[in-house]
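Data block below; observations after.
FYI, it's all coordinate maths here, none of it is from the lab. Nothing here was measured: the structure is a model prediction, and the numbers come from that model.
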Amino acid sequence: MGDQEALATTPVPTKDEQSMASLAHFLQVVTGFIAPLVIYLIKRDSRFVSFHAMQALLWQIIYWVAIMLLFMIFFVGMFATLATHPPAPSPSQAPPPAFFFLFPFLWLVMMCGWVLNLVLGIVFGIKANRGEWAAYPVIGRWAHRITRT
């Protein structure tokens, strides 16, 4: 039986389950991984709530790891540029080009990630509030495998 068939045979979630699942998505925008983790730990007995909370939790972990990797790349690039272009005694020398390329790139990726985080939280929060078993691309399958007991 496939993932979609398994989800279709599950019971209809109650209003309380729908509210808790939507809160996991909505609150991830503000609290990061904390609210989805708390909701997942509190409502593990509900397959619907744990599925939606696990999706939000996995997304937040992936988002956090991506941001940390980007910061590491930024700082390595910054220090490598400083090591290869030591500061000159004259104050008229321009800063190294890595500062102008890496920082805007890091900022742009972080802002795009934040917008994606906001859109995922709102769209899937609304779907969860309607009682839909809506799954994030790729992450939804992982969450389904993790929460299946």
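Would you kindly state how much longer the chain becomes between PHE75 and LEU41 on full extension, computed as 0.36 nm times their sequence separation minus their alpha carbon distance, in nm to one decimal?
Additional length available on full extension: 8.7 nm.
Estimated at 0.36 nm per residue, the fully extended path between ILE126 and THR14 surpasses their Cα-Cα distance by 38.8 nm. Extension gain, VAL119 to LEU82, is 9.5 nm, computed as 0.36 nm per intervening residue step minus the present C-alpha separation.
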